[in-house]
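Where a number appears in this text, it was derived from the coordinates with a stated rule and is not lab data. These numbers were taken from a predicted model, which means no experiment stands behind them. Cβ coordinates were reconstructed from backbone atoms using ideal geometry, including for glycine residues, and neighbour counts include every protein chain displayed.
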């Protein structure tokens with residue numbers, strides 16, 4: 001086990017326990033900057049943690065980043081770990097980023113679906129959903145990216161509990177979703193919300209449940225273009241961008257449709273890289289390059305959010 | 001741990017809307033236990049699907065009989081999982 005975040009190996013995949021230990025190390029090493037908040041417990045009773053990066057102030061405008069809501073997308077949790085370390089390294093070193101963190105807080109949820117993630121390590125590497133039980137069905141789990149109260153239950157989600165896109169019995173039925181909903185609602189000052197998935201190399205903005213353009217579509221499109229340009233500049237990884245429904249498919253009850261409906265204008269969702277045609281089985285050697293290039297896109301979105309208060 | 005020996009991931013290229021619809025029909029066949037990594041959306045966008053060993057022949061026959069192109073993206077999932085596990089274990093050791 002790593003004794004510090006300096007000796008932690010960012011180029012390999014880690015279990016839930018190892019990631020939680022990493023979070024504790026990061027907090028211990030950076031008590032003035034990082035704190036750990038428990039926002040809930042999973043269906044199976046695991047704690048749900050969010051790292052808060054803050055240089056002070058009260059209820060500052062904030063940026064939310066989550067990784068790993070789909071448990072089998074291991075490169076996302078691994079990237080989240082790398083982002084956490086990067087934030088502590090770059091604060092005070094990178095002028096643009098320091099300005100952001102001097103004025104805004106960042107919340108980072110590295111393992112958004114802890115039950116599912118643990119299950120991928122112990123039982124089924126291909127597991128995507130939560131691990132909640134549905135009364136009257138032998139099938140387990142809900143797709144936590146179809147469980148939000150935005151077009152819930154419309155086309156683009158399944159009502160079959162055995163489906164990988166099962167939307168659940170009602171919006172926010174999953175505690176992993178409800179915990180974020182409560183946190184975001186109570187906070188009330190989150191200005192950007194970025195939910196990170198893999199794979200297929202996309203940067204998407206609302207909507208997913210309707211083809212109606214989002215009121216801020218033009219700005220979101222321009223920002224997505226800038227973010228993708230920054231991302232591609234590092235290793236040449238090609239990304240597409242656009243609204244969810246136009247770029248991939250209709251998806252109802254998705255995370256960023258809900259956050260956008262709550263007034264969080266800069267709501268984006270990423271699909272990270274699949275260089276080498278490995279899908280969810282991206283080799284560990286690609287974790288750091290993936291995180292590095294994604295960070296450039298995140299910086300672009302964070303910087304824009306900071307410079308365009310609303 | 002669930003075993004994925006012989007599971008393949010196929011990358012399907014639907015040339016037109018009719019072929020996309022045909023692949024969507026596969027989605028509804030629950031007994032095949034297909035796991036769509038990238039869903040059928042529209043022509044030109046690749047469709048990736050994990051096919052259990054027991055369904056491989058049926059799926060390939062279906063695709064070929066409808067003239068739908070595909071290639072094997074991952075030959076054997078379990079081989080990749082073993083590599084992944086080996087790498088993690090080596091790090092932990």
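Pull out a ≥ b ≥ c, the square roots of the eigenvalues of the alpha-carbon gyration tensor of chain B, then state rounded if a/c is under 1.5, prolate if not and a/b is larger than b/c, and oblate in the remaining case.
On the way: a/c = 2.73, a/b = 2.10, b/c = 1.30.
Cα axes put chain B in the prolate bin.
So, by mean Cβ neighbours within 10 angstrom, what's the order for A:2-13, A:215-226, A:293-304, A:96-107 with the highest one leading? Show your work: numbers first, answer last.
Details: A:2-13: 15.1, A:215-226: 16.7, A:293-304: 21.8, A:96-107: 18.6.
The densest-packed peptide leads the list: A:293-304, A:96-107, A:215-226, A:2-13.
Helix B:77-92 against the longest principal axis of chain B: what's the angle in degrees, Cα atoms only, rounded to the nearest 10?
Orientation of helix B:77-92: about 30 degrees from the principal axis.
Evaluate the distance, in nm, between pseudo-label points positioned 7 Å from the Cα of residue A:55 and of residue A:169 along their respective Cα→Cβ axes.
4.7
Anyone know which of A:72, A:131, A:278 comes out most mobile in the 10 Å Cα GNM of chain A?
Top of the fluctuation ranking is A:278.
Roughly what % antiparallel, to the nearest 5, for the DSSP beta bridges in chain A? Intermediate values should be presented prior to the final figure.
Values: 14 of 37 bridges.
Roughly 40 percent of the beta bridges in chain A run antiparallel, per DSSP.
Calculated from DSSP H runs of 4 or more alone, at -39500 (n - 2.57) each and per residue, what is the 222 nm mean residue ellipticity of chain A, nearest 500? Don't skip to the answer; put the middle values down first.
Numbers: 9 runs with 113 residues, N = 310.
My calculation for chain A gives -11500 deg cm²/dmol from helical runs alone.
Just checking the output field for A:208-221: average partner chain Cβ neighbours within 10 Å of each residue's Cβ?
Numbers: counts 0, 0, 0, 0, 0, 0, 0, 0, 0, 0, 0, 0, 0, 0.
Across the residues of A:208-221, the mean count of other-chain Cβ atoms within 10 Å is 0.
At residue A:135 and residue A:235, where each label point lies 7 Å from the Cα along Cα→Cβ, what is the point-to-point distance in nanometres?
Taking the two extended label points, one gets 4.7 nm.
Would you calculate, for chain B, the mean residue ellipticity at 222 nm contributed by helices, counting each DSSP H stretch of 4 or more residues as -39,500 (n - 2.57) and dividing by all residues, to the nearest 500?
On the way: 3 runs with 37 residues, N = 93.
Calculated from helices alone, the mean residue ellipticity at 222 nm is -12500 deg cm²/dmol.
Figure the gain on full extension for residue A:122 and residue A:38 (residue separation times 0.36 nm, minus the Cα-Cα span) and round it to one decimal in nm. Don't skip to the answer; put the middle values down first.
Numbers: separation 84, 0.36 × 84 = 30.24 nm, distance 2.37 nm.
This chain segment gains 27.9 nm when fully extended.
From the Cα gyration tensor of the range A:209-310, with a ≥ b ≥ c the square roots of its eigenvalues, which class applies: rounded if a/c is under 1.5, or else prolate if a/b is larger than b/c, or else oblate? Could the numbers behind the result be given before it?
Details: a/c = 2.13, a/b = 1.39, b/c = 1.53.
Oblate, since a/c reaches 1.5 and b/c is not below a/b.
Would you give the gap between the C-alpha center of the range A:140-164 and the C-alpha center of the range B:36-93, rounded to a whole Å?
Taking the Cα centre of the range B:36-93 as reference, the centre of the range A:140-164 is 24 Å away.
For chain A, how big is Rg over Rh, using alpha carbon atoms and the Kirkwood form of Rh?
Numbers: Rg = 17.9 Å, Rh = 19.2 Å.
Looking at chain A, the ratio lands at 0.93.
Rounded if a/c is under 1.5, else prolate if a/b beats b/c, else oblate: with a ≥ b ≥ c from the C-alpha gyration tensor eigenvalues square-rooted, which is the range A:58-104?
oblate
How far apart, in nm, are two points set 7 Å out from the Cα along the Cα-to-Cβ line at residue B:56 and at residue B:1?
2.0
Between residue B:89 and residue B:75, 0.36 nm times their residue separation minus their Cα-Cα distance comes to what? Display every interim value, and only then the final one.
Values: separation 14, 0.36 × 14 = 5.04 nm, distance 2.32 nm.
Using 0.36 nm per residue and subtracting the Cα-Cα distance, I get 2.7 nm.
Grab the beta carbon distance between residue A:249 and residue A:285, set R0 = 22 Å, and tell me the FRET efficiency rounded to 0.05.
Details: r = 30 Å, r/R0 = 1.38.
Here the calculated transfer efficiency is 0.10.
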